[in-house]
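The values are calculated or read from the model by the stated rules, or taken from the named source; none is laboratory data. On a predicted model such as this, the values are computed, not experimentally measured, just so you know. Glycine gets a Cβ as well: all are built from the backbone with ideal geometry, and neighbour counts include every protein chain shown. These accessible areas exclude ligands, DNA and RNA; they are computed on the full protein's heavy atoms, side chains included. Shrake-Rupley method; radii C 1.70, N 1.55, O 1.52, S 1.80 Å.
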Amino acid sequence: MAIDVTSKIEATAKKVSIILAEWNETESAYDRTVVGLTMKDDLTTTIDNEDTDFTPGDEYQTRRYDVSGTMDLEFSMAIAKDLSGLEALGMVDSDGKMITSGTEKWIGFGEDRHLEWAYWSGEPDYENADIVADSEILNRFSDVKLVAPEFDPSESPYSVSMTGWVEGDFYVNYPGYDAINGTDGGTGT
């Protein structure tokens with residue numbers, strides 16, 4: 001009896017870059033900004049799919065229909081002293097004042113912007129990395145609504161925890177931009 005192995009069985013990544021990807025029309029590629037760094041144990045993606053049952057009176061079989069699906073993200077990340085990562089995510093303004101409501105914390109929704117998690121098995125080389133090709137796994141989330149973060153000053157380095165709701169697409173391992181229309185790559189800045 002033969003056993004076929006379809007792919008590499010295990011992902012060994014430990015470090016994860018939290019990335020904001022924005023389409024650059026001039027370069028025909030995504031500009032990626034690394035807004036934070038975390039460990040894979042500090043990330044959670046929860047997918048909840050609800051259904052409803054329907055049993056017609058003259059049938060013995062219950063029919064089940066999907067009625068809704070939600071996806072929640074939770075992540076903690078170290079933040080820079082200049083708060084640039086939080087500003088890029090719309091969590092704080094340029095003066096460092098926290099934004100608690102509004103669309104500043106929405107990623108996507110009519111704009112070609114996405115939240116990405118790049119998993120690295122070693123130390124990432126942001127100067128030379130092609131995020132899509134060099135990361136071990138690249139999760140991509142579209143149309144994300146982030147809520148006000150929780151700060152933990154007892155952590156070293158200083159960290160923040162965030163929750164978001166994904167209302168768009170989710171790629172378990174983003175393959176890159178469609179080769180017919182252009183390329184996708186670009187280094188994190």
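Things to note:
- Filter result for TYR126 (open to solvent by 30 Å² or more (accessible area, probe 1.4 Å), at pLDDT below 90 and closer than 18 Å to ILE19 by Cβ): yes
- TRP106 vs. criteria closer than 17 Å to LYS14 by Cβ and either of a type in the set (Lys, Arg) or surrounded by 10 or more Cβ atoms within 10 Å (Cβ to Cβ) (or both): no
- Of all residues in the stretch 160-170, none are at pLDDT below 90 and more than 18 Å from TRP106 (Cα to Cα).
- Consider the stretch 140-160 and keep the residues that are surrounded by 15 or more Cβ atoms within 10 Å (Cβ to Cβ) and small (Gly, Ala, Ser). The one that is farthest from ASP31 (Cα to Cα) is SER159.
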